[in-house]
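Here the structure is laid out as structure tokens; the discussion comes afterwards.
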Amino acid sequence: MIERLLDIYSDKIPAFLYEIADSPQMQRLKGIGMNCGCEYTSFPLFAALEPYSRFMHSVGVGAIVWNFTRDPKQAIAGLLHDVASPAFAHVIDFMKGDYLVQESTEERTSSIIASSASICEVLAMLGISIGQVSDYHLYPIADNDTPRLSADRLEYTMGNILNYKYGTLEDVARYYGNLVVAKNEDGVNELCFADEDIAEEFALKALDCGKVYVCDADRYSMQYLAEIVKSAIGRGTVTEDMLYETESKVIAALTSDDAGRNDWESFRKMSRMERSDRSTGYPVRKINAKKRYIDPYVAGKGRVSVISDKFRLLAEAFREETFDYFITCSIIK
């Protein structure tokens, strides 16, 4: 189902995007999931998810940017924005203490692009420099400050609306068909909705997805896996460089000794969360996380949070939600 999103995003994806997507550096992303390792657990919320890779997401972002800009450098920047994603993606941000910003995984983007002869060949053919495509934050259609709508946030929200069964393919096609590029309140181009009712519906679905991203099971899984990976690095069974291969290779390394096998088996069996009043003891944790939601702009009218009291109140409640409590996974499959 998720693969069918490409048919919605663009009626014709240019050959140069496919050529870059065929590079080994991009193909690696087929082995990196969008759910940051949660799909390996036994939590019912994640166990039945459709495969959704960073590669699928990246091609989708490139297609969206191309559809709305027809600018090769912007589209390529969108396509390449996750090329430096490590195995388990934002789990490594948790490992590095960057769980509130989640940008430490972008550190190697320029060097990975520069190391690819096939990507550099396409860039040279188009007269585009590495600097013009290594930072998609340069282009507000590709990426902008949260909670505004960008191609990156749009794509993973569309994919997750489908994956978490919050909407149908027809729903996401309707949302996408209502989008235009227009000036926001700061006079900057942004992906905006033409219709305020559709914008509100999308914003509410995106908020539902945002709640999943920070639910107890998600936060605990990412923190637990971060500790497993850090421990494996400490034992020498995994290296930092190894994280920039596929997840299957990292899992093989993780499980190459008894300690790693036991850790991974425990992680795989996690299936139910509990909140705890205890502050000590393994595996009790208090875990913060980055809250993701989208407050779209309706062309000529303003943000959904201004137009819709319902969305504004729900978004405020979400922003104010505290994670100042202890959680544990004491019941396993």
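Any residue in segment 235-242 that is under 30 Å from THR146 (Cα atoms) and touching a Lys or Arg at 6+ places or on another chain (Cβ under 7 Å)?
Checked segment 235-242: no residue is under 30 Å from THR146 (Cα atoms) and touching a Lys or Arg at 6+ places or on another chain (Cβ under 7 Å).
Quick one: ASP277 ticks every box in (1) over 25 Å from TYR325 (Cβ atoms); (2) surrounded by fewer than 13 Cβ atoms within 10 Å (Cβ to Cβ) bar one, so which box is it?
Of everything listed in (1) over 25 Å from TYR325 (Cβ atoms); (2) surrounded by fewer than 13 Cβ atoms within 10 Å (Cβ to Cβ), ASP277 misses just condition (1).
For ILE327, work out the one condition from (1) buried (at least 18 other Cβ atoms within 10 Å of the Cβ); (2) within 25 Å of the chain's Cα centre (by Cα); (3) at pLDDT 95 or above it doesn't fulfil.
The failed condition is (3).
Does segment 109-136 hold any residues that are free of Cβ contacts under 8 Å to residues at least 40 places away in the same chain and either outside the structural domain of GLY187 (by TED's automatic domain parsing) or part of a loop (DSSP other than H, G, I, E, B) (or both), and which are they?
GLY127, SER129
Out of the residues in segment 52-70 that are without any contact (Cβ under 8 Å) to a residue 40 or more places away in the chain and within 16 Å of the chain's Cα centre (by Cα), which is nearest to ILE13 (Cα to Cα)? Walk me through it before giving the result.
At the first step, the residues of segment 52-70 found to be without any contact (Cβ under 8 Å) to a residue 40 or more places away in the chain are 53-55, 58, 70.
Add one more test, that the residue is within 16 Å of the chain's Cα centre (by Cα), and what stays is 53-55, 58.
On the way: SER53: 19, ARG54: 18, PHE55: 15, SER58: 13 Å.
It comes out as SER58.
A quick yes/no check of all residues on (1) of a type outside the set (A, V, I, L, M, F, W, C); (2) assigned to a loop (DSSP other than H, G, I, E, B):
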{"site": "GLU274", "(1), (2)": "yes, no"}
{"site": "ILE287", "(1), (2)": "no, yes"}
{"site": "LYS290", "(1), (2)": "yes, yes"}
{"site": "TYR293", "(1), (2)": "yes, yes"}
{"site": "GLY300", "(1), (2)": "yes, yes"}
{"site": "VAL306", "(1), (2)": "no, no"}
{"site": "PHE311", "(1), (2)": "no, no"}
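For segment 60-102, enumerate the residues that are out of contact with any strand residue (DSSP E or B) (no Cβ under 8 Å at 6 or more places or on another chain), part of a loop (DSSP other than H, G, I, E, B) and either among the basic types (Lys, Arg) or modelled with pLDDT of 95 or more (or both).
Matches in segment 60-102: ARG70, ASP71, LEU80, HIS81, ASP82, VAL83, ALA84, SER85, PRO86, ALA87, LYS96.
So how many residues does segment 137-163 have that are surrounded by fewer than 16 Cβ atoms within 10 Å (Cβ to Cβ) and either under 26 Å from PRO51 (Cβ atoms) or in contact (Cβ under 8 Å) with a residue 60 or more places away in the chain (or both)?
Total meeting the criteria: 2.
Within segment 288-324, count every residue that is surrounded by 12 or more Cβ atoms within 10 Å (Cβ to Cβ) and in contact with a strand residue (DSSP E or B) (Cβ under 8 Å, 6 or more places away or on another chain).
Residues flagged as surrounded by 12 or more Cβ atoms within 10 Å (Cβ to Cβ) and in contact with a strand residue (DSSP E or B) (Cβ under 8 Å, 6 or more places away or on another chain) within segment 288-324 amount to 8.
Could you pull out the residue among GLU39, GLU19, GLU3 that is in a helix (DSSP H, G or I) and at pLDDT below 95? Even if it seems obvious, please write down each step before you answer.
Working: GLU39 fails: at pLDDT below 95; GLU19 fails: at pLDDT below 95.
None of the others qualify; the one that does is GLU3.
Between a residue in segment 238-266 that is modelled with pLDDT of 95 or more and any residue that is exposed (fewer than 14 other Cβ atoms within 10 Å of the Cβ), which pairs come within a Cβ distance under 6 Å, given they are 6 or more apart or on different chains?
Sorted first by the residue in segment 238-266, then by its partner, the pairs are THR255/ARG261.
The values are calculated or read from the model by the stated rules, or taken from the named source; none is laboratory data. For clarity, every value in this text was computed on a predicted model and none was experimentally measured. Reconstructed Cβ throughout: ideal geometry from the backbone, glycine too, with neighbour counts over all protein chains shown.
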